[in-house]
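Engineer: Dumping the structure here so I can ask a few things about it.
The values are calculated or read from the model by the stated rules, or taken from the named source; none is laboratory data. These numbers come from a predicted model, not from an experiment. Cβ: placed from backbone, ideal geometry, glycine included. Neighbour counts: every protein chain shown.
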Amino acid sequence: MEEHEKGREAFADDDAYRLHALRHSTAHVMAEAIGVVFPGAKFGIGPAIEDGFYYDVDVGRSITEGDLAAIEEQMKVVVKRNTPFARKEVSLDEAKAIFADQPFKQELIQSLEGPLTIYDQGGFTDLCRGPHVQRTGNAKHFKLLKVSGAFWRGDQRNPQLQRIYGTVFQTREALDQYLFRLEEAKKRDHRKVGSAMGLFMFHEYAPGAAFWLPKGEQVWHILSEAMRGLLLGEGYIAVRTPMLFDKGLFEESGHWSHYRDNMFCIEKHEEGEENPRVFSLKPMNCPSHMLIFRNQKRSYRELPLRIHDQGVLHRDEVRGALGGLTRVRQLSQDDAHLFCMPEQVESEVDALLKLVERVYTPLGLPYRCKLSTRPAEKLGDDALWDTAEGSLKAALDKNGLEYKINEGDGAFYGPKIDIDVVDALGRSWQCATIQLDYQLPRRFNLSYVGSDNAEHTPVVIHRAIFGSFERFIGILIEHFNGAFPMWLAPEQVRVMTVSEKSESWGAEVGAALKAAGVRAELDVGSDKIGAKIRLAHAMKPVYQVVIGEKEQDERTITVKGRGNVDLGSMTLEAFVAQCVEESKVPF
């Protein structure tokens with residue numbers, strides 16, 4: 001059976017469920033068309049996914065863009081035929097006979113117990129639980145999007161198949177809107193925009209690690225200092241911890257057994273030791289923060305103790321999964337761990353949710369919350385989990401936040417709230433997280449002296465607001481299409497002179513802006529003003545200041561905002577004051 005299928009209860013409403021069924025059905029329509037274009041094709045699975053569907057196939061050669069067009073033409077034939085999706089229950093033996101020439105289906109059948117269900121649409125039969133729409137004719141508003149490689153069942157030891165992606169909607173208008181957003185997303189790709197603006201670069205000598213160029217480093221620094229200042233004002237303490245640790249730390253934390261494959265490890269022969277010592281670059285900060293807490297005797301009067309750390313982390317991501325800033329091997333987080341008493345958990349989570357609102361709102365990022373509850377393989381008893389989940393629910397309810405419950409999706413050590421931001425194109429990105437941890441403090445034997453003079457174990461809240469700086473900046477580049485708000489823009493003002501006759505006033509204007517802390521660039525080159533303006537557009541400053549002989553004589557400036565909005569003539573003093581006011585961090 002296809003492993004991806006969900007029941008009606010997994011969807012927010014009937015419309016979402018019907019769209020899921022349509023996408024699943026269109027995957028079957030595409031599979032039939034693939035079988036016509038590529039006779040003898042071997043089929044894996046074809047699930048519905050967010051925004052579309054895919055099918056994993058082996059056709060004996062690479063699939064090209066021209067092949068996608070041919071598959072689409074055959075899909076139109078299947079849609080026009082308008083045959084029903086007919087469901088039938090079959091035994092294991094019947095299923096094996098039906099899919100005798102399909103090795104991947106045979107493998108799926110071997111892992112299942114009967115009876116099984118198949119769906120037949122006249123020209124294609126698939127092993128499937130459903131759901132489906134009534135007829136192939138319902139799937140007419142579709143578009144195939146791309147092809148990528150995919151290991152069978154996600155295991156690199158298995159054969160590599162080709163995954164064909166597509167999308168479908170219930171109306172032509174909805175499909176056209178989605179395709180428009182896709183094209184807009186290509187234009188906004190942070191790798192393209194960031195390179196054009198000179199924010200960052202990558203090099204094959206350091207795969208998965210960004211080189212922050214001056215303007216990109218400026219954005220990183222502004223966000224870093226804004227978060228640091230915000231948290232220090234909220235009672236956090238800032239620390240910096242080592243990057244390299246003996247594996248013993250991660251054995252104590254449990255990461256060595258659960259996360260070792262994602263860690264960069266180093267063997268070093270220490271003088272006087274027979275066997276090499278194994279070290280790892282830290283993939284997360286929490287174990288080192290446990291050591292800081294344990295470093296001295298703690299009292300309940302110190303709690304909550306909020307530790308903030310923006311140190312560099314390394315995670316050995318698969319090279320094929322790397323993607324610009326949004327998936328990297330070297331990263332920094334606006335990371336913090338809150339050590340508190342159990343009765344403080346709800347108020348701390350409440351404060352964190354308010355912090356999320358305070359940061360995301362000025363950035364124009366609506367967000368959605370998900371509450372992930374106890375998994376099957378959990379640590380701790382049900383009473384503890386009841387208390388923990390109740391604290392998170394109470395904080396969400398107190399803040400009037402709607403949230404989706406992800407049953408069983410919590411970490412093994414505690415439940416969590418994950419927060420997705422929604423960008424200007426309506427795409428969701430998981431950023432903030434608030435995780436309760438009752439296990440790591442026990443593994444490190446952490447304790448504090450309570451008001452009863454007895455030893456107690458603290459609760460730890462793992463939390464991040466941005467997530468990683470790299471990923472968050474990538475999201476912001478695409479959200480704003482590089483046109484950052486004034487306080488975050490790496491180049492706030494571009495000052496351009498019309499000719500040599502106005503260079504002296506131009507230099508004075510640029511110097512005055514920089515002296516006030518405004519990030520201004522001065523272009524007094526020999527290019528014509530039209531060329532200077534075109535270059536300025538590419539750098540996306542908030543304001544363009546043009547200075548000619550008239551401005552020189554009157555000691556004024558002519559200002560244009562983004563979108564070529566003419567703001568007219570201003571005095572230098574008034575413009576500097578305006579820029580300084582608009583440059584204030586809004587959270």
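Engineer: Filter segment 316-341 for residues that are free of Cβ contacts under 8 Å to residues at least 24 places away in the same chain and at positive phi and give the result.
Structural biologist: Within segment 316-341, none qualify.
Engineer: Could you say which residue among Gly66, Gly130 is under 37 Å from the mean Cα position of the chain (by Cα), over 22 Å from Phe38 (Cα atoms) and assigned by TED's automatic domain parsing to the domain that holds Asn158?
Structural biologist: Every option except Gly130 fails the conditions.
Engineer: Among residues belonging to segment 102-127 that are part of a strand (DSSP E or B) and over 34 Å from the mean Cα position of the chain (by Cα), point out the one that is farthest from Ile34 (Cα to Cα).
Structural biologist: Within segment 102-127, the match that is farthest from Ile34 (Cα to Cα) is Leu116.
Engineer: Quick one: count up the residues across segment 402-429 that are assigned to a strand (DSSP E or B), within 16 Å of Gly467 (Cβ to Cβ) and touching a helix residue (DSSP H, G or I) at 6+ places or on another chain (Cβ under 8 Å).
Structural biologist: 5
Engineer: For the list (1) assigned to a loop (DSSP other than H, G, I, E, B); (2) of a type in the set (Gly, Ala, Ser); (3) over 27 Å from Tyr360 (Cβ atoms), I need the number of the one condition that Gly517 fails.
Structural biologist: Exception for Gly517: condition (3).
Engineer: Can you find a residue in segment 558-565 that is polar (S, T, N, Q), in contact with a helix residue (DSSP H, G or I) (Cβ under 7 Å, 6 or more places away or on another chain), in contact (Cβ under 8 Å) with a residue 24 or more places away in the chain and within 15 Å of Val493 (Cα to Cα)? It would help to see each step written out before you state the result.
Structural biologist: Residues of segment 558-565 polar (S, T, N, Q): 558, 564.
From what is left, the residues that are in contact with a helix residue (DSSP H, G or I) (Cβ under 7 Å, 6 or more places away or on another chain) are 558.
If we keep only those that are in contact (Cβ under 8 Å) with a residue 24 or more places away in the chain as well, we get none.
Looking through segment 558-565, none of the residues is polar (S, T, N, Q), in contact with a helix residue (DSSP H, G or I) (Cβ under 7 Å, 6 or more places away or on another chain), in contact (Cβ under 8 Å) with a residue 24 or more places away in the chain and within 15 Å of Val493 (Cα to Cα).
Engineer: Hey, another quick one. Out of the residues in segment 83-128 that are more than 23 Å from Gln162 (Cα to Cα) and among the charged types (D, E, K, R), state the one that is surrounded by the fewest Cβ atoms within 10 Å (Cβ to Cβ).
Structural biologist: Only one residue fits best here, namely Glu113.
Engineer: Okay, moving on. Considering every residue within segment 455-468, establish whether at least one is part of a loop (DSSP other than H, G, I, E, B), within 23 Å of Leu291 (Cβ to Cβ) and assigned by TED's automatic domain parsing to the domain that holds Arg294.
Structural biologist: yes
Engineer: Please count how many residues of segment 252-274 are in contact with a strand residue (DSSP E or B) (Cβ under 9 Å, 6 or more places away or on another chain) and either exposed (fewer than 15 other Cβ atoms within 10 Å of the Cβ) or under 24 Å from Ser451 (Cβ atoms) (or both).
Structural biologist: 6
Engineer: Of the conditions (1) farther than 26 Å from Met486 by Cα; (2) part of a helix (DSSP H, G or I); (3) aromatic (Phe, Trp, Tyr), Tyr360 satisfies every one except a single condition; which number is it?
Structural biologist: All conditions pass for Tyr360, except number (1).
Engineer: Go through segment 524-557 and count every residue that is in contact (Cβ under 8 Å) with a residue 40 or more places away in the chain, within 14 Å of Ser504 (Cα to Cα) and not β-branched (Val, Ile, Thr).
Structural biologist: Qualifying residue count, segment 524-557: 5.
Engineer: Scan segment 216-240 for residues that are of a type in the set (D, E, K, R) and not in a helix (DSSP H, G or I) and report the count.
Structural biologist: Here the count works out to 2.
Engineer: With the requirement that a residue be of a type in the set (Lys, Arg), at pLDDT 95 or above and outside any strand (DSSP E or B), what does segment 12-59 give you?
Structural biologist: Arg23 - this is the single residue of segment 12-59 that is of a type in the set (Lys, Arg), at pLDDT 95 or above and outside any strand (DSSP E or B).
Engineer: Could you list all residues from segment 492-515 that are under 18 Å from Gln218 (Cβ atoms) and surrounded by 14 or more Cβ atoms within 10 Å (Cβ to Cβ)? Spell out the reasoning first.
Structural biologist: Residues of segment 492-515 that are under 18 Å from Gln218 (Cβ atoms), as a first pass: 492-495, 510, 513-515.
Answer for segment 492-515, where residues must be under 18 Å from Gln218 (Cβ atoms) and surrounded by 14 or more Cβ atoms within 10 Å (Cβ to Cβ): Gln492, Val493, Arg494, Val495, Gly510, Leu513, Lys514.
Engineer: I would also like to ask the following. For segment 315-362, give me each residue that is within 19 Å of the chain's Cα centre (by Cα) and either outside the structural domain of Asp418 (by TED's automatic domain parsing) or among the acidic types (Asp, Glu) (or both).
Structural biologist: The answer is Asp316, Glu317, Asp334, Asp335, Glu357.
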